[in-house]
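The values are calculated or read from the model by the stated rules, or taken from the named source; none is laboratory data. Quick caveat: nothing in here was measured; it's all calculated off a predicted structure. Here the Cβ is made from the backbone with ideal geometry for all residues, glycine too, and neighbour counts use every protein chain on show. All accessible areas refer to the heavy atoms of the entire protein, side chains included, with ligands and DNA or RNA removed. Shrake-Rupley method; radii C 1.70, N 1.55, O 1.52, S 1.80 Å.
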Amino acid sequence: MEDTNSTIYALKTSAGQERNVARLLARKARTIDGIGISSILVPESLKGYILVESSTKIDLRNPDLKVQHLRGVVEGSVGITFDEVKRFLKPEPIISSIQKGSIVELISGPFKGERAKVVRIDESREEVVLELIEAAVPIPVTVKADQIRIIQKEAD
């Protein structure tokens, strides 16, 4: 599966602009033949960077590669190996990092912005039962795991 002529490069971008840079590079790769970009990966866990597979050396002095919010190429003796990229292809689910008793913040839904304590975790359905902290009466709320952000893990 791995092409021996291609090398994977890490490109620095402005934080939060990874997808925009990837879209612009993809558009240029389709329209201009000399760039040699065959694939672009935007890992969620790698803020400020995108990974680009190219058959030619990425040189930002090339006017065809001038893209807004693209800051530079991470220098190294050789490009990134495919084994290093594999861990970005299948990220671990967020439910595995949540523990009972952790303090979380709801990031979507009717209770957006509220802090809550994790009461129960249902890994098979990827749901979490929370108890709102600032509520006068403890109300159990069931939400999907991707609707919360961990603020403080449970202390050992």
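Candidates Ile80, Ile148, Ile98: the one that is touching a strand residue (DSSP E or B) at 6+ places or on another chain (Cβ under 8 Å) and closer than 25 Å to Ile50 by Cβ is Ile80. Suppose the filter is of a type in the set (Phe, Trp, Tyr) and surrounded by fewer than 15 Cβ atoms within 10 Å (Cβ to Cβ); does Phe111 pass it? Here the answer is no, as Phe111 does not meet what is asked. Taken over region 11-38, the criterion of being open to solvent by less than 60 Å² (accessible area, probe 1.4 Å), at pLDDT 90 or above and part of a strand (DSSP E or B) is satisfied by Leu11, Thr13. The residue pairs whose first member lies in region 39-62 and is within 25 Å of Arg149 (Cβ to Cβ), whose second member is loosely packed, with under 13 Cβ neighbours inside 10 Å, and whose beta carbons are closer than 7 Å, counting only pairs six or more residues apart or on different chains, are Val42/Arg19; Glu44/Pro91; Ser45/Pro91; Lys47/Ala15; Gly48/Ala15. Among the residues making up region 110-156, those that are touching a residue at least 40 places away in the same chain (Cβ under 8 Å), hydrophobic (A, V, I, L, M, F, W, C) and within 17 Å of Ser96 (Cβ to Cβ) are Ala145, Ile148, Ile150. Taking region 39-54 as the range and being open to solvent by 40 Å² or more (accessible area, probe 1.4 Å), of a type outside the set (A, V, I, L, M) and in a strand (DSSP E or B) as the test, the residues that pass are Ser39, Tyr49, Glu53.
Within region 114-138, being in a strand (DSSP E or B) and open to solvent by 40 Å² or more (accessible area, probe 1.4 Å) holds for Arg115, Lys117, Val119, Arg120, Ile121, Asp122, Glu131.
The single residue among Val141, Val85, Val67 that is open to solvent by less than 40 Å² (accessible area, probe 1.4 Å) and part of a strand (DSSP E or B) turns out to be Val141. Of the set (1) loosely packed, with under 12 Cβ neighbours inside 10 Å; (2) over 12 Å from Ile8 (Cα atoms), all apply to Gly76 but (2).
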